[in-house]
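First the structure, in the form of structure tokens, and then the observations on it.
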Amino acid sequence: MRILYTASEVTPFAKTGGLADVAGALPAALARLGHEVKVVMPRYAAVNEKRWGLQSRGDSTVRLAGKEYPFTLWAAPLPETPARRGGQVEVLFLSHEGLFGRPELYQEKGKDYPDNLERFAAFSRAVLEIPKRLNWSPDVLHGNDWQTALVFVYRRVFFPADPLYRKTGMLFTIHNLGYPGLFPGSEFPRLGLPSKYFSPDALEFYGKLNLLKAGLMFAGVLNTVSPTYSREIQTPEFGQGLEGVLQARRTDLFGIINGVDYRQWDPAHDPSISQAYDARNLKGKWVCKEALQKECHLPVKDVPLIGMITRLTAQKGMDLVIEVLDELMRLNLQLVILGTGDPAVHQALKQATHRYPEKLSVHLAFDESLSHRIEAGSDLFLMPSRYEPCGLNQLYSLRYGAIPVVRKTGGLADTVVDATPSNLADGMATGFVFEQASSHELLTTIQLALKLFREKDLWYRMMRTGMTADFSWDRSAQEYEKLYRLAVEKATKPDKASLA
Ligand code: ADP
């Protein structure tokens with residue numbers, strides 16, 4: 001199949017979170033299955049021409065809401081996708097200096113760029129010109145999150161009978177419903193859409209504009225990044241007000257767990273860590289732990305070390321950690337936190353480091369290399385999320401032998417096997433799972449984990465079970481393949497949900 005995959009961030013070119021990891025790895029896995037994949041993303045200022053060997057593919061101008069947007073198209077191969085055997089993925093960058101030539105992706109100093117609506121509307125509109133330019137008709141158009149959701153409505157409005165898209169299946173993936181792309185209703189005219197699209201069965205959402213809805217309403221097939229999250233979002237607790245829309249589309253809504261790019265995330269060959277190790281030879285893990293303790297100015301000793309790498313937000317349960325931090329610090333442990341986010345959380349953590357210099361090390365930064373060293377040096381990895389569409393760090397932690405302590409939600413519930421007595425006895429356990437988003441449960445679960453830490457046989461067995469679990473992309477890519485086929489099938493049937 002020819003797959004046009006679009007996302008606002010793609011590893012290794014630009015990343016703020018898990019979406020980038022997915023967008024950098026799934027296309028490569030699809031190419032390995034024999035598909036022809038092109039990835040389209042904006043060209044941010046950080047995407048350097050020389051570093052990535054970008055080649056210009058000419059200019060084109062799109063018109064939207066009475067404005068003209070001249071874009072330059074650039075292309076580069078996705079790294080580590082070998083051209084031989086047809087496995088190469090081409091990444092296409094849409095460059096527009098005024099819209100995307102900025103240091104960050106969506107915001108600076110915690111403030112969203114005020115023209116995000118215009119930026120991603122123009123981008124989404126321009127994505128649809130690419131097949132025309134390249135004379136390449138995609139079998140599938142795959143969009144991700146609110147930034148690229150508009151492609152589905154623009155396809156309908158601007159290319160209603162274009163032969164290029166007549167048989168194109170449409171898949172929209174929700175990576176996080178908590179970021180719906182909400183804008184004031186008064187900005188609707190900027191989208192260049194007929195006024196009927198500002199209605200509850202299109203983009204309107206309680207008087208506002210909800211860009212995610214463009215995907216939810218107009219893509220043929222929908223999915224989220226874990227089966228549990230796909231069910232959770234159909235309930236008021238997790239649905240962010242969109243549960244009704246999602247229930248109405250439940251027969252088209254699926255859940256596929258994200259994979260891990262083990263080329264990047266495997267302690268057996270990770271250039272960022274002090275010494276390689278694997279499930280059969282854990283010696284390197286202790287070297288990495290000692291190195292991490294040194295790097296974090298913590299005493300080098302055999303005490304359970306807990307790692308966290310996260311956006312510092314309420315979604316990730318950071319408020320629970322802050323609530324219980326003083327009690328945690330009374331336990332025999334060390335805690336290393338890497339993250340950025342909510343300024344109040346920054347403040348609270350900074351203050352706590354002064355109180356607990358021997359036990360707590362906080363890094364308020366986005367540091368990919370350090371994130372690998374934390375995975376390698378930690379005994380436990382904490383993810384107390386209130387909700388978690390999939391979560392990648394628990395999957396990385398499993399491979400790095402950093403036993404995850406997670407809340408039972410979304411992808412965390414689907415990927416971590418709780419250390420219950422029977423799971424421990426069967427050798428199935430890979431982590432510690434707690435039910436409620438409460439600081440009390442968080443604390444008691446960590447206490448339980450610390451108790452087990454002393455039972456070395458059980459502990460190593462758990463580590464090895466996690467380290468040998470396989471969450472590679474190849475399996476997930478096959479699931480996506482099925483959804484693509486379904487989307488194509490739907491595209492070739494008469495469209496029932498037509499607004500026209
Ligand atoms: P989300 O996309 O909701 O932030 P995920 O667990 O799906 O959460 O993915 C987060 C990704 O971003 C992981 O690869 C994680 O290692 C990375 N990450 C998050 N915060 C940081 C940080 N401060 N420094 C380096 N990497 C980070």
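The values are calculated or read from the model by the stated rules, or taken from the named source; none is laboratory data. Computed from a prediction, not measured in an experiment: that's the story for all the values here. Cβ placement follows ideal geometry from the backbone for every residue including glycine, while neighbour counts extend to all protein chains displayed. These accessible areas exclude ligands, DNA and RNA; they are computed on the full protein's heavy atoms, side chains included. Shrake-Rupley method; radii C 1.70, N 1.55, O 1.52, S 1.80 Å.
Rg/Rh for the chain to two decimals, with Rh computed the Kirkwood way over all alpha-carbon pairs. Please report the intermediate quantities before stating the final value.
On the way: Rg = 23.0 Å, Rh = 23.6 Å.
When Rh is taken as the Kirkwood radius, the ratio is 0.98.
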If I compute solvent accessible area with a 1.4 Å probe over the protein chains, what percent of it on the chain is carbon and sulfur? 51
Dipole of the stretch 290-343 (Lys/Arg Cβ +1, Asp/Glu Cβ -1, origin at the Cα centre): which of P343, L305, L328 lies farthest to the positive side? L305
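How about the stretch 376-483: which GluC sites (Glu not before Pro) there lie in a loop by DSSP and see at most 12 other Cβ atoms within 10 Å? Numbers along the way, then the final one.
On the way: sites: E435, E441, E455, E479, E481; in loops: E435, E455.
Passing sites in the stretch 376-483 are E435, E455.
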Could you size up the charge dipole of the stretch 267-471 around its Cα centre, putting +1 on the beta carbon of Lys and Arg and -1 on that of Asp and Glu, and report it in debye to the nearest 20? 420
Quick one: net charge around W473, please, counting Lys, Arg +1 and Asp, Glu -1 for every other residue with C-beta under 11 Å from its C-beta. -2
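Just order 151-159, 319-327 by mean Cβ neighbour count inside 10 Å, highest at the front, would you? Intermediate values should be presented prior to the final figure.
Working: 151-159: 21.3, 319-327: 18.1.
Ranked by mean Cβ neighbours within 10 Å, highest first: 151-159, 319-327.
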Compute the label zone of A314 within the stretch 168-212: residues whose backbone N is under 19 Å from the point 7 Å along Cα-to-Cβ. 176-183
Search the structure for amide H atoms under 5 Å from the amide H of G255, placed 1.01 Å from N in the peptide plane, and list their residues when 5 or more places away or on another chain. T224
Mind giving me the nanometre distance, one decimal, between the label points for S369 and F198, set 7 Å out from Cα along Cα→Cβ? 5.0
In straight Cα distance, which aspartates and glutamates are under 20 Å from K67, not counting same-chain residues fewer than 8 positions off? D59, E97, D115, E118, E129, E187
Helix-only mean residue ellipticity at 222 nm for the chain, each DSSP H run of n ≥ 4 adding -39500 (n - 2.57), per residue, nearest 500: -11000 deg cm²/dmol
For the stretch 378-500, how many pairs of lysine residues have a Cα-Cα distance under 25 Å, where the two are 8 or more positions apart or belong to different chains? 4
Order by protection proxy (mean Cβ within 10 Å, highest first), peptides 94-101, 335-342: 335-342, 94-101
Net charge near R102 (other residues with Cβ under 15 Å of its Cβ; Lys, Arg +1; Asp, Glu -1) is -3
Can you list residues whose amide H is under 5 Å from R407's amide H, if they're 5+ apart or on another chain and H is modeled 1.01 Å from N? M383, S385, F434
Using a Cα distance threshold of under 15 Å, what count of lysine pairs results for the stretch 271-365 when pairs must be 8 or more residues apart or interchain? 7
When averaged across all projection directions, what area in nm² does the alpha-carbon convex hull of the stretch 267-471 cover? 10.0
